[in-house]
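Enquirer: Please find one structure pasted underneath; my questions will follow.
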Amino acid sequence: MRLSVSLGFWQDRPPEEALDTARAAEAAGYPELWIGEMATWDAFALGTAIGAVTSRISLTFGPLAVTVRDPATIAMGVASVAALTGRATGVALGTSSDVVVRGWHGRSRDRAATALAESARAVRQLLAGEKSAVDGKVVGSRGYRLRLPAPESPLTIAAFGPRALDVAARHADRMVVNLVSPAAAATLVRGLRAAAERAGTTPPPVAAWVVAAADPPASALEQLRRGVVGYLAAPGYADMFRAEGFGDLIDFARTRPHPRELLAAVPAEAIAAVGLFGSRTEIAAKIGDYAAAGIDELAIVPATSDEDPAGAKTLAACRSAAVPFDAPV
């Protein structure tokens, strides 16, 4: 079991707090920081700023939506941050959601798994310093080579469905899953291993992004409850929450209530099902559950609040709770 940190980009907190969380992660001894991209920061701009306020933590960008960012711009962004900050860098690729891809960016998510595989091939070529040579059915790149030093970044694939699992088995140095219970994580690990067996490859290690809050105040609980609202009616996630005993909540979510009404119906137990939540003892027990499920790494997404600015208390608690599992942090 390995620990890393992912920025939460909580909508109820100042965007600049991401820099404070990065500092707190490094101060607590975490080796890697994930910098996603959704509604606030450009990931590479933020990564460069984080490189200026920290000294050693490595930076992994993504998961980046492969139908929004093309392979050349992904490779240029990663290489730019590596050159400007001198840090080790990684990149994660995913297919994102209809809201982000179709709604915000006006792009198509058709044949998303194909786009994921083609992007993985092209990005890997570019980050290795090779000239790109992928003629994809959806995305591709030909004839480009990085002018900056090639960062030789490891490639992570975000997966949830069976086709993405196949892509991860064939192309990933690491697979990442998001907002999953230990039981759902175990199912995905088994799916990855089966996909790797079919492909004749060695299954990569699996990381799970998990929300976390140590002894959370009411404000942090509200933040985490708000964070799961958009997942409750989503394919796959709805089945997972139902399996965890929240069938009535899922049925209500599928009636399309006003988001405020749905938020009010989300119990704290639903958060605890998919994250590290509560006392140090409770957090340690949940880390053990993920380890037993076959998860190799937990990427901690700390809740932040006035009582726990930047999530520093939560990050320290998770690090301490992981000690019995020999997590190198």
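The values are calculated or read from the model by the stated rules, or taken from the named source; none is laboratory data. Keep in mind that this is a model prediction, so the values were computed, not measured. Ideal geometry is used to build each Cβ from the backbone, glycine not excepted, and the neighbour counts take in all protein chains shown. Heads up: the accessible areas ignore ligands, DNA and RNA and are worked out on the full protein's heavy atoms, side chains in. Shrake-Rupley method; radii C 1.70, N 1.55, O 1.52, S 1.80 Å.
Enquirer: Using only helices, what value at 222 nm comes out for the chain when you add -39,500 (n - 2.57) per DSSP H run of length 4 or more and divide by the total residues, to the nearest 500 deg cm²/dmol?
Expert: About -13000 deg cm²/dmol.
Enquirer: Expressed as an acute angle from 0 to 90° and rounded to the nearest 10, what is the orientation of the C-alpha long axis of helix 182-199 relative to the principal long axis of the chain?
Expert: 20
Enquirer: Net charge near Ile35, counting Lys/Arg +1 and Asp/Glu -1 over other residues with Cβ under 15 Å of its Cβ? Spell out each step's value before the answer.
Expert: Working: positive: Arg23, Arg69, Arg87; negative: Glu16, Glu17, Asp20, Glu26, Glu32, Glu37, Asp42.
Result for the local shell: -4.
Enquirer: Between Asp251 and Ala39, what's the calculated FRET efficiency when r is the beta-carbon distance and R0 is 25 Å? Round to 0.05. All intermediate terms of the calculation are to be shown ahead of the outcome.
Expert: On the way: r = 29 Å, r/R0 = 1.14.
Working from the Cβ atoms, E equals 0.30.
Enquirer: Same structure, new question: What FRET efficiency comes out for the pair Leu263/Ser55, r = Cβ-Cβ distance, R0 = 35 Å, nearest 0.05?
Expert: 0.35
Enquirer: Also, quick follow-up: Working out 0.36 nm times the residue gap between Ala218 and Arg102, then minus their Cα-Cα distance, what length gain in nm do you get to one decimal? All intermediate terms of the calculation are to be shown ahead of the outcome.
Expert: Values: separation 116, 0.36 × 116 = 41.76 nm, distance 3.46 nm.
Full-extension gain reported as 38.3 nm.
Enquirer: Once amide H atoms are built 1.01 Å from N in the peptide plane, which residues 5 or more positions from Leu276, or in another chain, come under 5 Å H to H?
Expert: Answer set, sorted by chain and number: Val211, Ala212, Ala213.
Enquirer: How much length is gained if the chain between Ala183 and Val229 is pulled fully straight, taking 0.36 nm per residue apart and subtracting their Cα-Cα distance, in nm to one decimal?
Expert: Result: 14.5 nm gained on full extension.
Enquirer: How far apart, in nanometres, would the label points at Arg190 and Arg147 be if each is projected 7 angstrom from Cα along the Cα-to-Cβ direction?
Expert: 5.2
Enquirer: Let me ask another. If you roll a 1.4 Å probe over the heavy atoms of the protein chains, what accessible area per residue do you get for the chain, in Å²? Numbers along the way, then the final one.
Expert: Details: 13970 Å² over 329 residues.
Computed with neighbouring chains in place, this is 42 Å² per residue.
Enquirer: Put a dot 7 Å past each Cα toward the Cβ at Arg242 and Asp173; how far apart are the dots in nm?
Expert: 3.9
Enquirer: If Lys and Arg each add +1 and Asp and Glu each add -1, what is the summed charge of the other residues whose beta carbon sits under 13 Å from the beta carbon of Ala112?
Expert: +2
Enquirer: Of all trypsin sites (Lys or Arg not before Pro) in region 1-96, which ones are in loop regions per DSSP and have a Cβ with at most 13 other Cβ atoms within 10 Å?
Expert: Here the trypsin sites (Lys or Arg not before Pro) that fit, given the DSSP loop and packing criteria, are Arg56.
Enquirer: Another one. With axes computed from alpha carbons, what is the tilt in degrees of helix 17-27 against the longest principal axis of the chain, rounded to the nearest 10 within 0 to 90?
Expert: Orientation of helix 17-27: about 90 degrees from the principal axis.
Enquirer: A follow-up question, please. Any idea what angle helix 312-321 forms with the longest principal axis of the chain, computed on alpha-carbon atoms, 0 to 90 degrees, nearest 10?
Expert: 90
Enquirer: Roughly speaking, to the nearest percent, how much of the chain's 1.4 Å accessible area is carbon and sulfur?
Expert: That share works out to 52 percent.
Enquirer: Given H placed on each backbone N at 1.01 Å, which residues far from Leu64 in sequence or on other chains put an amide H within less than 5 Å of it?
Expert: Ala92, Leu93, Gly94
Enquirer: Sticking with this structure for a sec: Of the residues Ser132, Ser97, Ser153, which exhibits the maximal mean-square fluctuation in a Gaussian network model of the chain defined by a 10 Å Cα contact cut-off?
Expert: It is Ser97.
Enquirer: Could you work out the local net charge near Lys286, counting Lys and Arg as +1, Asp and Glu as -1, over the other residues with Cβ closer than 15 Å to its Cβ?
Expert: So the surrounding residues net to -4.
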